[in-house]
Each structure stands twice: as C-alpha cells, then as structure tokens.
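Have a look at the structure below before the remarks.
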Amino acid sequence: MNRGKKIRSSILFLCFLIIYLFILGKIFYIQIIQKPFFQELGKQQYNCNVTTTPARAPIFDCNGKPLAMNSESLSAFILPKQIEEPEKLFSFLKKHFPSAFERWQQNKTKHFLYIKRRLSPYELVLIKEQNIKDIKLIKEPCRFYPSETVGTIIGITDIDNNGLFGLEKTFNDKLNGKPTVHSLERDARSGHFYFNKKTTVQGKEGSPLYLTIDSDLQYLAYEELMGILDEFEAKEGGVVIVNPTTGAILSSLSYPDFNPNDTKSINQEYTKNFPFTQGYEFGSVIKVFSAMAALEEGIITSEDLVDCEGKKSAYIDGMKVNTVSAQGIIPFSEVIEKTNNIGTAKVVKNLGPKLYDHYKKVRFGEKTGLNFPGEQQGFITPPNKWSKRSIISLSFGYEIRVNMIQLAQAFGIIVNEGRLVPLHLIKGTQKPPTEPLYSPKTIEEIKKILTNTVQHGTAHRARIKGYNIMGKTGTANLIEDGKYNPNKNIFTFCGIVEKGNYKRVIITYVKESQLKRLLYSAMVAVPLFERVTEKMLIHDKII
Amino acid sequence: MTRTKKYLAFFIFINIFFVFLLIYKQSYFTKTSYDQQILEQQRNDLIEEEMVLTRELYELKNPKKINEYATKKLGMKKMGLKQAKKISPEGIINSEEN
C-alpha cells in the first residue's frame, strides 16, 4: 500500500471513528443522562390518569319515589385553536349567542370554550339546524325533580351539579360521593382503548337520601293551599303535616315557591321553605301553651271562672287589651275555646317569668336540630327584657316568634301524652322522645279544650264527622314600619286529627289576604285545614 | 445427532414455545381487555338509556299532569271524603259511619 492510500484510509477511519464516537456519545446522553426525561415523556404518551366522578345519588320520599334524580343536558362548545369555518361560526355566534361570541373574541388562543351549557330545546334545534362543524356537543349531568312541590325542601344544583341550596346543598358531599382516579395504559394507535388499568385513588359512590316527606301528600296539600290563596287573594301561605307519634315531617310547603326544573329566573326569596325559614308571631294559637302552663302550675283549673269583663277592650294592669268578641264570666276552658285575650291575659299574667320557662320547655325560640338550611330559631322576649306589657302580649302569642315546624313539634306534646317527640326530615334520624313535660291531667284538660274549640268554638268548620279533631285558631297582626298593622294579618290553624292509632298534626297558615273585608282564621286557615285533612285521610285510606 | 445438540435443540424449542406462549397470552389479554371495554361502553349506554326512560316515566307520573289530564280531558271530578267508601270483609263502610 502506498503512502497516499494509507493516509486516505487513516483519515477515513478517523472520520468513521469520530462519527461512531459521536453516535455512542449521543446514545449515552439519551439513554443514560436524559433517561428520566424520556421515560416521563413515554409515560405521558402511553399512560393517562382518568378521574371518574360517580353519579350523584338520588333523593327519595318516604314511599321510595324519587324527588331528585339524575338526567343529562347538552352543552355546546368550540375548540378556538382548531376552527375550520370561522366566517360561518362568526356570524352564527354573533347573532344567536352574543355572550359566547364576545368570550371567543377575547380567548382565541384557548383550547376549549363553552358556547352555552345546559342548552334549551330551542337552542339545541338552532345549533343542529345550522350544522356548523366547529360547534360540538357534550353531555353533562344535571338533576331532574319529578315532584315540583318539594322544590323548596330539596333545593337545586348548580351548573356543575353541586348543591346550591336546600338539602342538595346540605348533603352535597354525601350525595356526590368521591371520584375515583384510574391510571390507564393507552393503546398507541387510537388512544381509545387501554391495556392496563390501575386504581390510584379509590373513590366512593354517593349515598341516596331518604326523606320522611310524602310527595303525593305534599302535592295534595299544595293544591288545596293554592285554592285557598286564590280564593282569599292572599300573598303567602303554608301547610305542615307531621306524624306526631314518630316525629316524621310528612309535608312542609309554602307559597310563593319555584319550579326546580325551570331555574332560568329564580327569585331567591321564593326558594325558601317558609315553615322552616320564617318565624311569625302567630297570635292566639300560642294560647294553647300559655293555658297549658297555667294549668300545669296549678294557678287555675279549666272549670274556674274568669271575668272577661263583657267587652271587647279592657285595661289589665294599666295596659289596653283588645279581643274579638265580648264575653262575661266564663270558665277558663271557654276563655281558650272562644279565644278571649282579656281572660287569657288575666290568668296567665300570674305565671310571671315561669311563662317564659314553659315556652322554652316546649322548645320555642330554639332550633329543632334538623339542620335545615336557613331554619329560623325564633325568639321569645326574655324576662330581663320584659316591658310592663310583655307578660300580657306573651299570653296570647305576641313578643314570641316561632316557625311552623316548632309549632308542629310543640303540638305533638298534646298527642304524645306530654312527651316531646323531636321532629325529623331524614329517615333513620329519629330521636327518642323526652320525659313527660306535662302531667296527664294537664294534657287531658287541654285536649278537652281543643276538642271543644272545634266542636263549639271558633274552629267549628274543622269538624269532620267520624274523626276526633282538636285545634286552635290564631289571627295575628303583622308588623309594618315598627308597629302592628291591623289590616295585615296572618291566619293560622293548628289542628290534630285522630282516629284510633292514626294521629296527625296539621298546621295551616295564610298571610295577607287582599280582600277588603274583615277576616278571621276561622274563615281562612280553618277551611284550608279541613280541605287538607280530607285529602290526607283519603290518601292515607283512613275511612 | 449428539446428545449435546439434542439438548440444545430442545432448549431452543422450549424457549421458542414460551415466547409464543407469552405472545399468545399478551394478545389474548389485549383482546379480552378490548371486549371488556366494549361491554363497559354498552353498559354505560344502557345506563344512560335507563336514565332517560326513568325520567320520562316520572315526568308522566307527575301528579299535576295526571290531575290535569283526569279533570280536563277525562272530565273526572275530585273525590270528597264523604264519597269515600272502605270495602272490607264486613261490607262497605262509609267514612262517616266509622
């Protein structure tokens, strides 16, 4: 081999050596030094984490009928970075979805943009008719409420299916459950299938909620309430039905309300369940408890005579007291039956601060422990803040603010022979009854008084032949601009229906009738009670 | 063939057999996984269909709609307690008699 050839072959060898060394170096760099980086890159291509959110659990009534169930809604979206027909999309969005158009103009570099979530049937037809490739549809979970009358109890969920108010909010975590995270090894070609699936975070299914509410009964009561509100042109009303033996709330409704399936325009005020969230000075219905206190403390018996002064207006301890109808000297039982304020105040004022203790004993002025969102605690003027008038006002239901649920719970004491059975709204959360709060004698006497109120007193329209009905009416003035307005009233009736072992407490109230005539509870709340009771008895097959 | 060659051939054969077994296992696993995912998809579709049908069912069961249909279309009237009768082995009992 001549020298020239030798040099050329050496150069060639050197060149190849450098190339091989470079390749080896690169391999070393990639395989050893950059190993974690490429390993991670590979994992990202093949592995992915998928979060599976469990379906939100349903809510059932006491008969197993769904009150809140899952449904699906369609939402429209675009991928701003991959727009194929910009002009078509531009004009369509500008015309039909101007807010989405504005968002698109401001976020043109985003990967994903919603046009509209939870499309209405009209919007869906509109989108489908246009057939624009860039507008895509996605299914999203939402709630459907088969029984609209329980809307104020159940509440609704927001656009992301989380509880917004009502029980949907209170039990949001319980209903939602916990999402499960899976690590998937995808197929490289389509990415639609996986080879291996590992659970990295174990989730939990949502637990359904079982209420004590009877949705059919709720609807029947709602119908009757609407009829009465219409008849008396009243602004507000409500009905509560309770099984006093178990403490189960079977129905709790009020009007104005809202349709949980139509949430486009909701007045927040109408989303409240007034029996829980609204406390009122109910007036004469409270006399039941002031009379019980007087009988229990032994300051009077139901036969003792009381001088009601034979007039509609009288002064007691220098305070003017008005009553609906004038009575003379009558037994205490008749004072309550005929709902005479003068007679009641004359007797009950002798209780002094003990009256407050008795009201607290029946759990007025404290929450029921149901944890219902927005439940009002109520209020009783405490003895240390009493004015000269307080004891008189408290005797016939003023200066004491309670909600209808508290009232129903307290009325249960009469049915349960002096024991207070705490109310419950969720099945399985029943609490044991208290020890007797009142003696059997007091209970016996008050039962007689309440029966006579229906048989011969102010609530005679509540009589239903074949059933033992007890109850008490109440007509109270509402406060307006800091003083009681005699033209704005709340009409209440608290009733007990008994037939054998079948017992129910029903509270009805109607507020602010627009009729320009003198109305009393016996004309407004008692007929509502009667109608609701009839429907309830047919529904419960108590014939 | 010598004994050593026989062992070697057997060894190679066993190895090839296991390689094929492994390939078969992997492809079988992939196929089963694919079938499983198809079934999962079908199940999800059926759940979705059930949800739609349940919703339709309860929409039809809405007491308000039933009431409207009964009173307006069928001309039915609401029943009062006095009209209610209980049929028992002893005979028909009116609400007021009890």
Between helix B:3-60 and chain B: long-axis angle, C-alpha atoms, 0 to 90°, nearest 10: 10 degrees
Spatially proximal lysines relative to A:Lys204 (Cα-Cα < 23 Å; intrachain offsets below 8 disregarded): A:Lys139, A:Lys169, A:Lys174, A:Lys178, A:Lys427
Sites matching GluC sites (Glu not before Pro) across the range A:369-423 that sit in DSSP coil, with at most 15 neighbouring C-beta atoms within 10 Å: A:Glu417
Rounded Å value of the spacing that divides the Cα centres of the range A:239-270 and the range A:169-234: 19 Å
Helical segments meeting 27 Å axial Cα length and Kyte-Doolittle 0.0 threshold in chain A (DSSP H): A:3-28
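I'd like the FRET efficiency for B:Gln37 and A:Lys5, computed as 1/(1 + (r/R0)^6) with the beta carbon distance as r and R0 of 56 Å, rounded to 0.05. All intermediate terms of the calculation are to be shown ahead of the outcome.
On the way: r = 66 Å, r/R0 = 1.17.
The computed FRET efficiency comes out at 0.30.
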Helix-only [θ]222 nm of chain A, DSSP H runs n ≥ 4, -39500 (n - 2.57) each, per residue, nearest 500: -10000 deg cm²/dmol
FRET efficiency estimate (nearest 0.05) - Cβ-Cβ, A:Glu435 to B:Glu49, R0 60 angstrom: 0.65
For the range A:240-392, convex hull volume per residue from C-alpha positions, Å³: 153 Å³
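What number does chain A give for Rg over Rh if you use C-alpha atoms and the Kirkwood radius?
Values: Rg = 35.5 Å, Rh = 28.1 Å.
With Rh from the inverse mean 1/r over Cα pairs, Rg/Rh is 1.26.
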Pairwise centroid distance, computed over Cα atoms, of the range A:515-534 with the range A:67-85, Å: 50 Å
Centre separation in Å (Cα based) which lies between the range A:271-289 and the range B:77-91: 35 Å
Nearest-0.05 FRET efficiency for A:Asn371 and B:Leu60, computed from C-beta distance (R0 30 Å): 0.30
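Kindly flag which residue pairs out of A:Lys516/B:Lys78; A:Lys287/A:Lys354; A:Lys287/A:Lys361 have an alpha-carbon separation exceeding 23 Å in this structure. Before the final figure, lay out each step's value.
Values: A:Lys516/B:Lys78 30 Å; A:Lys287/A:Lys354 15 Å; A:Lys287/A:Lys361 15 Å.
Flagged as over cut-off: A:Lys516/B:Lys78.
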Residue-by-residue Karplus 3J(HN,Hα) for the range A:375-387, coefficients 6.51, -1.76, 1.60, Hz, glycine and proline x: 4, 8, 6, x, 7, 10, 4, x, x, 6, 10, 5, 8
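Provide the net charge surrounding B:Asn44, with neighbours chosen by a C-beta distance below 13 Å and charges set as Lys +1, Arg +1, Asp -1, Glu -1. Walk me through the numbers on the way to the answer.
Values: positive: A:Lys139, B:Arg43; negative: A:Glu72, B:Glu40, B:Asp45, B:Glu48, B:Glu49, B:Glu50.
Net charge around B:Asn44: -4.
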Simple spin-label estimate for A:His460 and A:Lys95 in nanometres, 7 Å along Cα-Cβ: 7.1 nm
Low-density loop cleavage sites - trypsin sites (Lys or Arg not before Pro) in the range A:135-223, where at most 15 other Cβ are within 10 Å (DSSP): A:Arg189
Semi-axis lengths, Å, the range A:90-153, gyration tensor of Cα atoms, sqrt of 5 times eigenvalues: 28, 14, 12
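Work out which trypsin sites (Lys or Arg not before Pro) in chain B are exposed loop sites (DSSP not H, G, I, E or B, at most 15 other Cβ within 10 Å) and give the longest gap free of them.
Working: sites that count: B:Lys61, B:Lys77, B:Lys78.
That gives B:1-60 as the longest site-free run.
Summing Lys, Arg as +1 and Asp, Glu as -1, what charge do residues with Cβ under 12 Å from the Cβ of A:Glu530 carry, A:Glu530 excluded? Present the calculation step by step, with values, prior to reporting the outcome.
Numbers: positive: A:Arg461, A:Arg463, A:Lys465, A:Arg531, A:Lys535; negative: A:Glu224, A:Glu534.
Overall, the nearby charge balance is +3.
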Distance between modelled label sites at A:Gln34 and B:Tyr7, nm, 7 Å Cα→Cβ extension: 4.7 nm
Cα→Cβ-extended label distance, 7 Å offset, between B:Ser27 and B:Thr71, nm: 7.1 nm
The range A:53-161: GluC sites (Glu not before Pro) in DSSP coil with no more than 11 other Cβ atoms inside 10 Å: A:Glu84
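Just list whichever of A:Lys535/B:Lys77; A:Lys320/A:Lys346; A:Lys312/A:Lys360; A:Lys116/B:Lys64; A:Lys65/B:Lys82; A:Lys43/A:Lys197 have alpha carbons separated by over 19 Å in the model shown. Could you put the intermediate results ahead of the total?
Details: A:Lys535/B:Lys77 13 Å; A:Lys320/A:Lys346 12 Å; A:Lys312/A:Lys360 31 Å; A:Lys116/B:Lys64 31 Å; A:Lys65/B:Lys82 29 Å; A:Lys43/A:Lys197 14 Å.
Correct reply: A:Lys312/A:Lys360; A:Lys116/B:Lys64; A:Lys65/B:Lys82.
Bear in mind that the values in this text are calculations on the coordinates, not laboratory data. As the structure is a computational prediction, the values presented were derived from the model and not from experiment. Reconstructed Cβ throughout: ideal geometry from the backbone, glycine too, with neighbour counts over all protein chains shown.
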